[in-house]
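Computed from the coordinates by the stated procedures, all read-outs in this text should not be read as laboratory data. If you're wondering where the values come from, they're calculated on a predicted model, not measured in any experiment. Here the Cβ is made from the backbone with ideal geometry for all residues, glycine too, and neighbour counts use every protein chain on show.
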Amino acid sequence: MTPKVKRDFLRVSDLSADELRQVLDHAKAMKNQRTYGSTRRPLEGRSVALIFEKASTRTRVSFEVGAFELGAHPLVINARDSQLGRGESIEDTARTLSRYVHAIVFRTTAHERVEALARAATVPVINALTDDHHPCQILADLMTVRERRGSLENLRYAWVGDANNVARSWLDAARTLGLTLTVASPEGYGFAAAELPPTARQVVDPRDAAIGADVVITDVWASMGQEGDAAARRVAFADYQVGPALMAQANPGAMVLHCLPAHRGEEIDASLLDGEQTAVWDEAENRLHAQKALLEFLMR
């Protein structure tokens, strides 16, 4: 689990297919160890800076608890209360923090910001969400699918909703692992054709994506920063709710994923979110285990 040089995790494809599987294997082992009360602390004496420029629940808690359980000290920094909030450059912040901590986790707006921080930092940088990518979420999603189905291969994946940062990271996963993925988005809310890997396709009708799917994934219709478009998006996405009728098109036993928070009754029917087909709560828990494995991979 030891990279030979500084490695960053800004998007899913920053890890090879073998490395992704290695991290997922280790995440499962760490989950089992936690269940039985393991006190293994491989990052004892290290520190991790967690910088947040966007609101967070699952990301903050899972990284903070995860770093602690690995033996590292998590240092949470609200960007508004730091010099970043007063105009200090990303690069100067990165150079300074690199003298103090052993890794930096950054949740921000434009993807270029985390890229700039990673270029200037001399310690590993992890993207905890940008407007374009959410790779840590996909680690948890992949871990959840493996737990439920035993493998990631020979499954059909369907994304129903906006072509947002989580969907883009799923495209990255499909490209890296060769997964069969169909994205269903309304006209004007989809991906450019050039973004689709060879194993992915894009459709307009959500039923076309759900037919024969083993994993159906969705997210809110208006992401953080898009609240002003929420009303228009509710109209555009009105036929894209993941509910019983849509899941009837999927394979028997198909699972539902949602990164949360969810708007019950909009992008997902509440009965599905709480029903037997949901893997959402395992998915949320697995943020902790997948990120612990990632931290150890990058920091050891």
| said: What's the ranking of 172-179, 234-241 by average number of surrounding C-beta atoms within 10 Å, highest first? | reply: 172-179, 234-241
| Using alpha-carbon positions, what is the distance between the centroids of segment 223-300 and segment 117-141, in Å? | 20
| remark: Ranked output for segments 16-23, 117-124, 140-147 by mean other Cβ atoms within 10 Å, highest leading, reads 140-147, 117-124, 16-23
| Cα-based helix-to-principal-axis angle, 165-177 vs the chain, degrees rounded to 10 | 90
| note | Given pairs LYS31/LYS292; LYS28/LYS54; LYS6/LYS31 and cut-off 19 Å on Cα-Cα distance, the over-length ones are LYS28/LYS54; LYS6/LYS31
| segment 64-106: trypsin sites (Lys or Arg not before Pro) in DSSP loop, at most 10 other beta carbons within 10 Å | ARG99
| remark: Rounded to the nearest 10 degrees, the helix 280-299 long axis (Cα) sits at an angle to the longest Cα principal axis of the chain of 30
| query | Magnitude of the Cβ-charge dipole of the chain, K/R +1 and D/E -1, about the Cα centre, nearest 20 debye? | reply | 1160
| said: Can you tell me the length gained on complete extension of the stretch TYR189 to LYS6, counting 0.36 nm per residue apart and subtracting the Cα distance? | reply: 62.3 nm
| Helix 17-35 vs. the chain, principal-axis angle (Cα, 0 to 90°, nearest 10) | 80
| query | Taking segment 200-293, which GluC sites (Glu not before Pro) meet the DSSP loop condition and have no more than 15 other C-beta atoms within 10 Å? | reply | GLU276
| task | Write out the chymotrypsin sites (Phe, Trp or Tyr not before Pro) in segment 1-86 meeting two conditions: DSSP loop, and at most 15 other Cβ atoms within 10 Å of their Cβ. | result | TYR36
